[in-house]
Every structure is written in structure tokens, then in C-alpha cells.
Amino acid sequence: MKEELNNVIASAKKEINDVTSMHELMQLKSKYTGKKSILNSFMQKIGSLSKDERPAFGQTVNIAKIQITQLITAQEENIKELEYSKTLRSESIDLTMPGRKRAKGSLHPITKIWREIEDIFMSMGFEVAEGPDVEDEYHNFDALNTPQDHPARELSDTFYLDNDVLLRTQTSTVQIRTMENHPLPIKIISPGSCYRNENDASHSPMFHQVEALLVDKGVSFIDLRDILNIFVKKMFGEKIESRIRPHFFPFTEPSAEIDIVCVKCYGEGCNLCKGSGWLEMGGAGMVDPNVLEKLGIDSEKYTGYAFGLGMDRIAMLKYKIPDMRLLFENDLRFLKQFS
Amino acid sequence: MKISYNWLKNYIDLKVSPEVLKDRLTFAGIEVEAVEELGKELKQIKIAQVVKCERHPNAEKLSLCQVNDGTETIQVICGATNCKNNIKVAFAGIGTQIQDFKIKKAKLRGELSFGMLCSEKELGISDNHDGIMILPDNAQVGSDLAAYLGIKDTSYDVEITPNRPDLLGMIGVARDLSALMKLPITLPDSKIVEINELIEDHLSLKNEVPQLCTRYIARMIKNVVIKESPEWLKKHLISVGLRPINNIVDVTNYVMMEFGHPLHAFDYSNIQGKKIIIRKAGQNEEFPALDETTYKLEVDDIVIADDKRAVALAGIIGGENSHITTQTKDIVIEAANFLYSSIRKTSGRLKISTDSSYRFERDITDEVAELASRRACDLILEIAGGELLKGKLDSFPSKKDLKIVSVRPSRVKKVLSIDIPSEKIKEYLTALGLIFIEGSKDDLKFKIPYYRKDLTREIDLIEEIIRLNGYNNVPTLTRSQNIMNKPVFYARRKVEDLLINYGFSEVINWNFGDPNDIDKLKINKIDERRDFAKLKNPLGESFSIMRSMLLPSLLKNALYNINHGQKNFRIFELKKVFTRKDEKLATEKLHLSGLLCGELDPVYWKNDSVQLDFYDVKGIIEDILNELKIENYKFQGSDEQFYQPGLGAAATVDGKIIASFGKMDPKIVADYDINLPVFAFDIDLDTIFTRDIFHDTIFTNIPKFPPVLRDISFVISKEFNYSDIVETIRKSGKNSISKIVLFDEFAGKNIKEGFHSLTFSLILSSDTKTLTDEYINNILKKVNKVLKNSYNAEMR
């Protein structure tokens, strides 16, 4: 009987080592160690033995069972490892093939600059004010201290809808409207579209401008100088200095034009700055007391500064866009560059 | 730290209620963290009389009592040995809440008990737990204990900021309140009577560490009688959370709470060699403290010692070997001060925090020691008797002159932006105890009292000035302008960003328009978009109006890009459109329009290419409306003529059209020389932005019970609308269906002409229970039945 048992172990060993799938292995498990297994049938034969033989025989069968179970466990590990490496082989890919991407859109470069300007000024406590594109002469000219016979009022410079209704030529109109409708102090920027009746390589009949206005007690020329400096550095980087030089605007006194160091040559002189090392950025000044008085604001008590910047120009300088026309052509090959 | 309303009233006639005082304290810079109404617990306790007291029939140590609480006679079982007939007791009836314990009906050894007779400890009145509290015969049966004991007080748990050690006692707080409330303050007057015997004959003092112990005063009283403190003293201590112990210890605690300066009392008989030595501890010196713990000291610790051993850990805790006991006769009162950093280091290392260390760690003042010492002796003589020996032992190694600080009224104005005249400044600062010495117009010199060590610079005085003037008593400059509509501002950016993520590129066109475009798009003759805002001097006919629509410009952009080789693109423009009829200026409205052309996704090697269709545009519109938190929008066919018939839709809210979208009519697109399928949308942002859509997200509870997912599939006639079908399913689901997702639509093989098969995933969930299979099956049965009855749907 012992020999018989050894044969069983030997054949189990061979069969177990030969299987390669978990399913087959489980079948062998039940064949050798399950309820109706070969080993169990040996156990049933124990009754035919004498009392003395029984314990030794029982022990032998148990050892055989343990041996076979160990073989199965070991093979189970082998098969798992086999299946794992199979998975690895079947899932192997070419890592250099292209990944799945979504279509990517883009904000218009002017909008990008627009947002950046809003964020810079909002972080300094300015609010963003808006007003109509279609304006009356009062808000566009009269309130801004522009005399009746000023050349800017000519048809050749301004788009009119009626005798005194026009497309605003500057967003300063929003400053007037804000001062009309809100108590002081006022600290706003007003970005928006403006229109002038000219269309050539360097002028677009519609363009984008941002104006800033601060009216409060104790606002001085130094504050204006300071805010311009901060803005230019935040917009173009720490290296870019700014300067102001005397100029004339009807609605500010003293008035100034703002220059920044050329963003291309950093002041060395190049074709962009036409050799001067400086680029013109916009106009600025202290709000003319006449403008304040017209709105019923005591100009002895309150002072203010205002300035206006061209957003299209800022976009062109910042992104090094060579031609203004690209901004309104809406060529996707251009637009997608700003994604 | 706790302070008490009644106690404060000893020094200052507070003319305000405890409620108002809370605010006054907070605005004085003494933040009140909690307010406790004392006597609340004792109010529930009734004075009762034991009318009968006999032994419990089944327990030797218990008595079975009948007590009368003024209204009825109640049976109570009591375990105290001092319970007997006719005494007046503190009775807690059923339902009384004492500390964390609620009195309930109980059965003890077969007898019922309907309440409890309380000990003083149980009531939090004292540590006395030797039997129940027995009240004098004149106590009124039926009245509450709080009223009888006169316990009616409010205590405040206050936070004292580290710069104000002078506020660590009642007097400091009263002094500040007196300045703030312009009320006079009365300080205790200690008139001590000494006998002729000299203290030097009984005790000597040696300060070995003058850098660490900056003041040490010892006074000695002979022949005191140790006993319980009088009621007023106990009440005050309880009101600030201290437990009365005996008259001597209670006085030292009382004076500590009064002056903010801790004291210690030694039993003279335990001071060996008649010597008090202040020295550094020896390395590993063992010190048995009052808290029954022996601490191992280090050389940086300061101890108060006698000839042989340490009797106190300086400023932190007294020694077990020298404390006051019932046998004590002669006592030594210590009033000292130690270097705060040393106390902090020792108490931190040994993890001992006491009322004493709490104060010494905060750099209190050397000078107060003398006041506290005198006050303690005065009180002890009054309540414990005894004789005070003549003189004191006093080590005061580094006495300092009072500081002088100047303040400039001009500087006050500069810092605070308010005008406070010199006279007012003097008034404020003198009220705080500062002494005005002299002053020119813009330079006022003040001598700083010793208890305000924190006032060393001009700016410190300015802080006091604004504090007394009132922080909120200054004008507010309105800086918030509210000019911009922030929600709209950010909503606009959100929509732009959403479209960018959908692959759209933003375009910007001139706002000039061509009136012919409106004809080309077959806009109705009476449509307001024909009320053109016309220019008098345009650049040309094709730029002669201000645009009333954005789509024509987008079609031109599309053509430009198609001509430059683009076939798959998405563009949008978010700009004002203009109309003008009778108004002086123009009507300007914000619109958002977009065009889509080509494939759904970028070319990808694993996917087949899919052309855009109507539902892609619809999904974008739905996403935008959801992003803007518009609820209850509905879809219907669009009246716009530029959409291909049957493929143009409008979104409405409350019957108002807010958007249109769909496939553009190929004929119209061809008019713009485009021969590709083009999808478009136009959203009236102006109208949307006037709706109340900008509310913050409000958190809703995350479901506690897991959702269950079930699929249903049925064949249904195509004549029924999807949206109606979904609504029917939702309604028949008895609120249990939280989500309905269509995941398959199929027509053709095996399905009748004019019918299709729809498969939905239903997500069922409940806020209150786990849904059982039975419950879910019932819901699904109901859904099936309703679908069958309403649409003749055939379940699969």
C-alpha cells in the first residue's frame, strides 16, 4: 500500500508541474486532496488494517497529503508569475506614439492683455467700470474740457451717428459717467473699444484703450508717477523703466506723455523704437480742475490723476506682433499661437 | 483667567449689568471667552427638613429619611452618618443636574429613593465631604440654596494678552475699567498692626541669586488659628474657580487674585535653622511638592530653602514639607518675584502649571510684592488672629526708577488720523495711572507707573490713547465703491474659459457691420436687429452700421480660415451688439456667438473620425448655461431662419429666449461661399446677466447611503419626446431616482419602423435609508407600468 501511495505522489508531482493554467491546477487540487480524491480513498481503506497498523498508515497518508498540497501551492505561485508576465507582454506598447489630446482653444491676444491689465489694477484696489460705445458729445468732449472748435470734433476724426451722437474716441467718457453716478473717492480703470475715423497701416478705426482714474483727497503728481511705474514694471518686467514728458491734453493739467524703455533693445536703440530707446505708451496727467468743477466736485478738496493706454499697442509690444492688422484678421494660425 | 462681577464691584462701582460689562471688557482688550452665571446649579437645590430619619430596614449604613421640601414630604435614602431628625439639609430632587450627574429615582436594597441629600463637595461649595451639608436652623425650608447662600454672580473667563501682566488680578482689571468707564476706583487699605517682637530674631534671609530672584519679602505671624474661611472669602474664591482650603491658604489665593501677585505661606516650625535661602537647586536635587509628587531638579531651577532642604520650588509650587496644616501656629508669608524666563523654563520642563507659575511666567512687577504682602497680613490678622512680628525681611537687589515716556500730539494725529487735543491725551493717560510731569505744546512727558512695564515708547502710549478713545469711535472712510459688477465680470471670464477648453479660439472683429448681412441671414422684417445704429460718416457701405449680430463677422472669419486651409475649427466672439431706434444713444447688449466646423475631436490614430453634429453644440450650450447656474432652462425649436429647418433650437428661461443654436442652413452658408457643414450658436449674455444667477454654492450633505444603479430598456414610438419620457420616469420614481442617464438609442434591425429602443441607467438613492432590493424592484415595476400605460412602451 505504501508503494501505491508513493506512485500516487509521483504522478501527482508530474501532473502538477505540467499544468500551466490556474483552472487546471484547481482540478488537480480536487483530484488529489478534495473530498472524493485519491488520497481520501486511501483513508477509507484504513478500516481494513489492523489496529496496530492504523496510526502509522494514517500518518503516512497525511504526510502525502501535505506534500501534495505544498506542490500545489508552489505551482500556484509559478502560474501567477507566468500569468503576470503574460499580461506584461500583451500590454506592452510603443511609448513614443502620440498621446490623446483635446482640441485647445485660445483667447485673443487683446483679451489676454485686457485681463492682465484688469488683474494688475484690481490687485491695487481699482474697480473696472464700463460705459457705452455710442456716446454723446457732452461725455466725449464737453465734459472733458475739449473746446467746441477742437479739431478732434471734426467728421474726419470722429464717427458720428447724429449731430451730437458719436462713437467714443476714448474711454475717458466712462470716467465722467462714473463721477456723475458714484460718490468719491473713485478709483477705476475703464477698458473698452474706441473709434477714430482713420484706417491705415498703423491706425485701426476701432481700437482698445484702458483709462485709469483716481479722485480722492490728497492725490498728487507723485501718486501718478508711482502708479505708472508700478504698472509698467508689472506688465513688461522689472527691467522696463518708464518716464513722462510734458504734453497737452484738454482734460489734464499738468499733462504728460508716457514712455517706456524699448522692450526690444532695452534702450540701446533699434528699428522698433526708431533709435530713440523709448516707446510711447499713452497719455497721463492730473485731472484738470475744470473737469472736476463741471461735475460739482470741489477741486480744492479733491484732486485726481488720469491716464490712458492703448491695449492693442501693449499687446503688440508684449507679444512682439509686427503688424496691427494681424490683430483683426482673425487668422487661426495667428490666434492659436496664444493658446 | 477667571474674574468675577461681584468681586470687581469691591473696587469700582460698576454702573452696568454683567451683560454690558462683557462688551466693555472685550473692547478694553480683555477678550471674554466665556461667561458663566454662578449659582445656576445651586438654584435647583432646595432647603429641606428631615422630618423622620430611621435605619434602612435592609442596610446598616443607610438611613431611610422622610424630608419636607416645603411643598411635600419625600422619601430619600441617605448614606451619611450625620443625618438625623429635624436637621435642615440641601436636597436635590428628581431631575436635578449636579455637575455631570442627573438625579433619578433609585431603589436601594428594596427601598425607593426620590432624590439626594448633598454634601458641600457635591455642591462644589467646598472640599468637605464628611457627611451631608447641614444648614443652620434659621434656614428657610423651601427656598433655593443659591438664594440662601447669596450666590448670585457672573464670572468671565478672560484672555489676558502677554503684554499686560498687570491685568492678572482683579485690581488691574478694575483699574483699566475705571479709566475706560470714567469711574472712581477704591483700592484696599492695608493697615497692619505689628507687635514689638522683631522678625530678625526668628528668621534670616539670604538671596544667593539676585539676578533670578528680583524681590523677596518675608513677614511672619505668630499664633494663628487655622480654620475654615468666612463665607465672603469662600464665595469670592469659588466665583473665580478656586476651592477654599483653609483660612491662611485662602487668603494667599485671595490676595493673588486681587493683585495678580502670587503669595506663599510656610509653616514656620518646618523651616529649619530659622533661615530662608533663595538659591539654585542642586543637580538632581529631589523636591517633594504639595501635589504629592517628587521632582528631580536641575541647577537652573530656583528653590526657596531652609538650612537643610528646599521648602518651595520658587514661584511654582510649595513643598510638602512646609505647607500649612491644621496644626500650624506660626507662619511665614512670602511675597516675591522671579525672573519670568527662569520660571517658564522650570515649569515647562517639569510640566507643572499653577496659578502661581502662570503669573510669574508673565513678568509681573517687583513693587506689587509689598502691597500684596501687607494686604495678606492684614487679612490674616483679621480672620485667623495671631500677632504680626515687627518689620520684614526684604531683598530688592535692583530697584529701578520709574520710566518717563514722551508723546507728541502731532504724532498721535499722524498715526491715528484723528485729532485728539493735548488735554484729552492727558486725561486718558492719567486715568490709566500715568503721571503727567511737564509738557511743551507738542511734547507731553509722563511718568509710567511700575505696574505698566509694557509702556516704554511713544507708540505704546498712542495705543493706550486710541484704546481709551475707542477703536470703533473713529470715522470710517468708505473705500469700497461698488462700481463694478463683480459676478458679471467673473461670469464673463468663466464662459470664455469654458469655450477655450472646448477648443474655441476667440476672434475680435471691428464692431462695424454691413446691413446686407442681416438680409443674407433672413432676419425677419420686423426684427429689432434691423433697427440699425447707422454711422453718418462710415468707412464704406460694408462698415456703415454698428453690428446688430456677431454671426456674419464669424462667417467671414470662417471663410478666411477655410481659404487658408483650415477645415476643423471653432471660433467665438464675445462682444456688444448695437441697435438704435428712438433712444438718444444706442441699445448695447453683450452677446456671445460661435461657429463650429469639421470633426468632433482632433485626429487621433486610435479613433475613427467623427463629424460634429447638433448634439455637440447642444452640449456646449448646456454646459455654458450650467456654468452660469441657470436652472430650469428648456429647449424648443428656433424661429431663426438661418438654421437648417428642423435643426435649429432655442433655449428659454421663463418663456424668454436666451440662446439659439443648431446647424446653419447650407444655402445661407453657401451665400458666404462656405461649402462645409457649419454649426452655430448665439447667446444673449445681457439678458442672462440680469437674472439672479450669481449665488454662492451652498453645501449639501453627502449621501450617507450608497446609490444603487439599475438599467431599464424599452422600445417606444419615435413620436414621443425624450424629455417627456424622462420626466415621466422621474415622476413615477417617488423621489428615489436621483439621476437618469440615457446610455443607448437604437433603431433598425428587429425594431419596428417608427420605433426605437432606449436604454437608461437609473441611479436610485435615499437620504434616510439603504434601499432594499424589494423597494427598488417596486420602484422599477411602477416605472415600467407608467411607461407602458403612457407611451405603450414595450419593456425589453
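The values are calculated or read from the model by the stated rules, or taken from the named source; none is laboratory data. What you see is a predicted model; the values in this text were computed from it and never measured. FYI the Cβ positions are ideal-geometry reconstructions off the backbone, even for glycines, and counts take in every protein chain you see. When the accessible area is computed, the model is the full protein with side chains, heavy atoms only, and any ligands, DNA or RNA have been set aside. Shrake-Rupley method; radii C 1.70, N 1.55, O 1.52, S 1.80 Å.
Amide H to amide H, with H built 1.01 Å from N, A:F159 comes under 5 Å of A:L167, A:N197, counting only residues 5 or more places away or on other chains. In the stretch A:120-155, burial by the other protein chains removes 40 Å² or more of 1.4 Å probe accessible surface, compared with the chain on its own, from A:M122, A:E127, A:V128, A:D133, A:V134. Ranked by the mean number of other Cβ atoms within 10 Å per residue, highest first, peptides B:507-516, B:559-568, B:312-321 order as B:312-321, B:507-516, B:559-568.
Accessible area per residue for the stretch A:155-212 is 31 Å², calculated with a 1.4 Å probe on protein heavy atoms, without ligands, DNA or RNA.
Counted residue by residue at 0.36 nm each, then reduced by the alpha carbon distance between them, the extension gain from B:K191 to B:K390 reaches 70.3 nm. Each Lys or Arg adds one and each Asp or Glu takes one away; over the other residues whose Cβ falls under 12 Å from the Cβ of A:R102, this sums to +3.
Over 15 Å apart: what share of the alpha carbon pairs of the stretch B:633-681 falls there, rounded to a whole percent? When every Cα pair of the stretch B:633-681 is considered, 42 percent fall beyond 15 Å.
For B:S410, what is the net charge nearby, where nearby means another residue's Cβ is under 13 Å from its Cβ and Lys, Arg count +1, Asp, Glu -1? So the surrounding residues net to +1.
This model, with +1 at the C-beta of Lys and Arg and -1 at the C-beta of Asp and Glu, gives the stretch B:280-397 a dipole about its Cα centre of some 180 debye. The alpha carbon gyration tensor of the stretch B:269-382 gives principal lengths a ≥ b ≥ c with a/c of 1.5 or higher and a/b no greater than b/c, which makes the shape oblate.
With a 10 Å cut-off around each Cβ of A:98-110, the average count of Cβ atoms from other chains is 6.
Heavy-atom surface analysis with a 1.4 Å probe gives the protein assembly as shown a carbon and sulfur content of 50 percent of its accessible area. In the elastic network of chain A, a GNM with C-alpha springs shorter than 10 Å, the most mobile of A:R102, A:R177, A:R196 is A:R102. Accessible area per residue for the stretch B:320-445 is 48 Å², calculated with a 1.4 Å probe on protein heavy atoms, without ligands, DNA or RNA.
Kindly provide the helix-only [θ] at 222 nm of chain B, computed as the sum of -39,500 (n - 2.57) over DSSP H runs of four or more divided by all residues, to the nearest 500 deg cm²/dmol? When only DSSP H runs of four or more count, the value is -7500 deg cm²/dmol.
Placing unit charges on the Cβ atoms of the charged side chains and taking the dipole of chain B about its Cα centre, the candidate lying farthest along the positive direction among B:I712, B:S406, B:W605 is B:I712. The protein assembly as shown gives an Rg/Rh value of 1.13, both radii derived from C-alpha positions and Rh following Kirkwood.
Among the lysines of the stretch B:722-796, pairs that are 8 or more positions apart or on different chains and have alpha carbons within less than 19 Å of each other number 14. Each residue of the stretch B:288-296 was assigned a 3J(HN,Hα) from its phi angle through the Karplus curve 6.51 cos²θ - 1.76 cosθ + 1.60 (θ = phi - 60°); the sequence is x, 9, 4, 7, 6, 10, 9, 9, 9 Hz, with glycine and proline shown as x. The lysine pair count for the stretch B:96-192, using Cα distances under 24 Å and pairs eight or more places apart or on different chains, is 6. Other residues whose C-beta falls under 13 angstrom from the C-beta of B:V240 contribute a net charge of -2, scoring Lys and Arg +1 and Asp and Glu -1. The residue among B:L554, B:G110, B:I483 whose Cα reaches farthest toward the positive pole of the charge dipole of the protein assembly as shown, with charges on the beta-carbon of Lys, Arg, Asp and Glu, is B:G110.
For the peptides B:72-82, B:433-443, B:591-601, the ranking by mean Cβ contacts within 10 Å, running from highest to lowest, is B:591-601, B:72-82, B:433-443. Close amide-amide hydrogen proximity is noted between B:S505 and A:S106, B:R570, B:I571, B:F572, each under 5 Å apart and 5 or more residues distant or on a separate chain (H modeled in the peptide plane; Pro and chain starts excluded).
Placing unit charges on the Cβ atoms only, positive for Lys and Arg and negative for Asp and Glu, gives the protein assembly as shown a dipole magnitude near 3320 debye about its Cα centre.
Each of B:S790, A:Y160, B:T252 was scored by the projection of its Cα onto the charge dipole of the protein assembly as shown, and the greatest displacement toward the positive side belongs to B:S790; charges sit on the C-beta of Lys, Arg, Asp and Glu. Among the residues of the stretch A:308-339, those with an accessible-area drop of 50 Å² or more from chain alone to full protein complex, heavy atoms and 1.4 Å probe, are A:N330, A:L332, A:R333.
Normalised per residue, the accessible area of the stretch B:659-770 is 59 Å², obtained with a 1.4 Å probe and no contribution from ligands, DNA or RNA. Burial annotation for the stretch B:533-561: residues with an accessible-area loss of at least 30 Å² between the isolated chain and the complete set of protein chains, computed on heavy atoms with a 1.4 Å probe, are B:L535, B:K536, B:N537, B:L539, B:M546, B:Y560, B:N561. Isolated cysteines in chain A, defined as those with no second cysteine Cβ under 4.7 Å, comprise A:C194.
Counting, for every residue in A:162-172, the Cβ atoms of other protein chains within 10 Å of its Cβ and taking the mean gives 2.
Exceedance of the 29 Å cut-off in Cα-Cα distance is limited, within the set B:K426/B:K453; A:K239/B:K494; A:K233/A:K336; B:K584/B:K667, to A:K239/B:K494; B:K584/B:K667. Residues whose amide H comes within less than 5 Å of that of A:E127, counting only those at least five positions distant or on another chain, are A:K187, A:I188, A:I189 (H built at 1.01 Å from N in the peptide plane).
Here the stretch B:711-796 is assigned +1 on the Cβ of each Lys and Arg and -1 on the Cβ of each Asp and Glu. Its dipole about the Cα centre then comes out at about 220 debye. Chain B and chain A together bury an accessible surface of about 5000 square angstrom, both sides counted, with a 1.4 Å probe and no ligands or nucleic acids included.
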